[in-house]
Amino acid sequence: MTDVNQEPRFAFSVNAESFVPKEDETQIVATACFKNKCLLSTALILVKDKYSEWQTFRALLDSGSETCLISNECANKLRLKTERINTLISCLNDASMVVNGCVKVAISNQNKSFERELDMLVVKKITDFIPQKALEINSDFYNFVELADSKFNVPGKIDLLLGANIFYELLKPERIKIKDSQLLLVNSVFGYIVTGNLDSINETKVHCGLIRDEDLNKNLEKFWKLEEIEEPIVKNKERLICEEHYANTHFRTKEGKYVVSMPLKRNPRVWVIRKT
């Protein structure tokens, strides 16, 4: 048993304030740092494939995203059934992309004490390698806590993104402030997440986590409403005849196609071509 009056032999302090999530009405959460390197939250999680077998993938925990994402490569490895959708993802600077696939994904931590099924949008690529380069961490906390991602400081691809709809459910109240540094360990269902800033690292490229998904049809509807020009409709005799003809002759097939008979003027002339 360790004497409480003695200094701990490992370099972190457990006397950190309790974690209280804050709500932000702006819905904008950006992770960006120029003078220091900000560590993003990553975790190794279990994902169930088509045959109900669990496979390990690397996930980014991002409270700045309204939706969960999965890379096309990861979905193919899991052989998950993709549902066809039409959704627009909007990001910063009015940048947007259309997503045509959605899958149901079952995730779990290593001991299966936490399991959830999530709807995820299928995208070609979620982000670049995180981190961008190997980071040297001068601390020995590896030996005393179970990390969510033991290779958090080694560049690696991101297979899934867990957004705000699940983010805060993943967190636990325990926090550990690393002594003589800006690093913070936050406990989660997957283990401790390493976050915070690393000093003396200048980055020319930063990550910003703001993703919103919007229904493409609604956006197109807004577009047409803005671009619509009202023109007076002149209903002459021929137009009224066409409308009446459509109303009396059209029908819909089982395949959903509309069929209408060929409109002809009354008493059409018949031309007969005779062979000479």
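Could you list, in sequence order, the residues of region 85-141 that are open to solvent by less than 20 Å² (accessible area, probe 1.4 Å), under 23 Å from N197 (Cβ atoms) and of a type in the set (F, W, Y)?
F141, the sole residue that qualifies.
Inspect region 58-76 for any residue being open to solvent by less than 20 Å² (accessible area, probe 1.4 Å), part of a helix (DSSP H, G or I) and out of contact with any Pro (no Cβ under 6 Å at 6 or more places or on another chain) and give the result as yes or no.
Yes; the residues of region 58-76 include at least one that is open to solvent by less than 20 Å² (accessible area, probe 1.4 Å), part of a helix (DSSP H, G or I) and out of contact with any Pro (no Cβ under 6 Å at 6 or more places or on another chain).
Go through region 233-276 and give me each residue that's modelled with pLDDT under 65 and open to solvent by 100 Å² or more (accessible area, probe 1.4 Å). Don't jump to the end; show me each part of the working.
Just the residues of region 233-276 that are modelled with pLDDT under 65, to begin with: 266-276.
R266, N267, R269, V270, W271, V272, I273, R274, K275, T276 - these are the residues of region 233-276 that are modelled with pLDDT under 65 and open to solvent by 100 Å² or more (accessible area, probe 1.4 Å).
Would you call V206 assigned to a loop (DSSP other than H, G, I, E, B), within 25 Å of C91 (Cβ to Cβ) and at pLDDT below 95?
Yes, satisfied.
If I filter region 158-171 for residues that are out of contact with any strand residue (DSSP E or B) (no Cβ under 6 Å at 6 or more places or on another chain), part of a loop (DSSP other than H, G, I, E, B) and loosely packed, with under 15 Cβ neighbours inside 10 Å, do I get at least one hit?
Within region 158-171, not a single residue is out of contact with any strand residue (DSSP E or B) (no Cβ under 6 Å at 6 or more places or on another chain), part of a loop (DSSP other than H, G, I, E, B) and loosely packed, with under 15 Cβ neighbours inside 10 Å.
Testing S150 on (1) of a type in the set (S, T, N, Q); (2) open to solvent by 20 Å² or more (accessible area, probe 1.4 Å); (3) under 23 Å from R79 (Cα atoms), one condition comes back false. Which one is that?
Tallying (1) of a type in the set (S, T, N, Q); (2) open to solvent by 20 Å² or more (accessible area, probe 1.4 Å); (3) under 23 Å from R79 (Cα atoms), S150 fails exactly one: (3).
Would you mind stating whether N111 is farther than 16 Å from N165 by Cα and either among the β-branched types (V, I, T) or not in a loop (DSSP other than H, G, I, E, B) (or both)?
No; evaluated as a whole, the condition is false for this residue.
The values are calculated or read from the model by the stated rules, or taken from the named source; none is laboratory data. Note that this is a predicted model, so its numbers are computed, not measured. In this analysis, Cβ positions are derived from the backbone assuming ideal geometry, glycine residues included, and neighbour counts consider all displayed protein chains. The area values use the complete protein model at the heavy-atom level, side chains included, leaving out ligands, DNA and RNA. Shrake-Rupley method; radii C 1.70, N 1.55, O 1.52, S 1.80 Å.
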